[in-house]
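The values are calculated or read from the model by the stated rules, or taken from the named source; none is laboratory data. Worth saying up front: this structure is predicted, and the values here are computed from it rather than measured. Neighbour counts are summed over all protein chains in view; Cβ atoms, including those assigned to glycine, are modelled from backbone coordinates with ideal geometry. Accessible surface areas use protein heavy atoms only, side chains included; no ligands, DNA or RNA. Shrake-Rupley method; radii C 1.70, N 1.55, O 1.52, S 1.80 Å.
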Amino acid sequence: MSHDGAGAIVAVNSLLAYQPEPHMVCTSAARAGVQNLLKSLACELAPAIRVNSVVVGLIESGQWRRRFEVRANRNLGYDAWLADVAARRTIPLGRLGKPEDVAQAIVFLGSSAAHYITGARIEVSGGLSRQI
């Protein structure tokens, strides 16, 4: 067996697993449970399979486009509106993430470059996470 084992599982989850927000009780609890499951699987499946997760913050998606379409302030274009969302949410990098930002983290964790990483999470949140 190579040092990479037989494979890798990379799960995508939300920052809500660690940083719940108001009115998100059910999804936050479920996402925390998924993170617990992934940590357990990392032990159960090692050394053959590495198990890691990417925990995302606010990422540009169709969901944000739909919110933009029903926005209250019609004076802002899409990019300015997203910048305002990032400022109101106090994202240190000053913007929402792009799908490519998440994809690059997934590719890394699934690759041989991460051959000694299991049971870990990479936060792709622009610094939004407040956990230590």
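Of the accessible area of the chain, computed with a 1.4 Å probe over protein heavy atoms only, carbon and sulfur atoms account for 60 percent. Each 5 Å bin from 0 upward holds the following percent of the Cα-Cα pairs of the chain: 2, 10, 17, 18, 18, 13, 9, 6, 4, 2, 1, 0. Summarising the label geometry, the points placed 7 Å from Cα in the beta-carbon direction at Phe108 and Ala48 lie 2.9 nm from one another. Inter-label distance, Ala83 to Ser61: 2.5 nm, where each label sits 7 Å from its Cα along the C-beta direction. Ellipticity at 222 nm from helices only: DSSP H runs of n ≥ 4 in the chain, each -39500 (n - 2.57), divided by the residue count, give -12500 deg cm²/dmol. Ignoring the sites themselves, what is the longest stretch of the chain with no trypsin sites (Lys or Arg not before Pro) in a DSSP loop and at most 10 other beta-carbon atoms within 10 Å? Result, exposed sites excluded: 1-73.
Please work out the C-alpha center-to-center distance from the range 80-132 to the range 1-64 and express it in whole Å. Distance between centres, Cα-based: 13 Å. Extension gain, Glu69 to Asn36: 0.36 nm times the residue separation minus the Cα-Cα distance gives 8.3 nm. Rounded to the nearest 10 degrees, the angle from helix 25-45 to the longest Cα principal axis of the chain is 20 degrees.
Probing with 1.4 Å while keeping every protein chain in the model, the per residue accessible area of the chain equals 60 Å².
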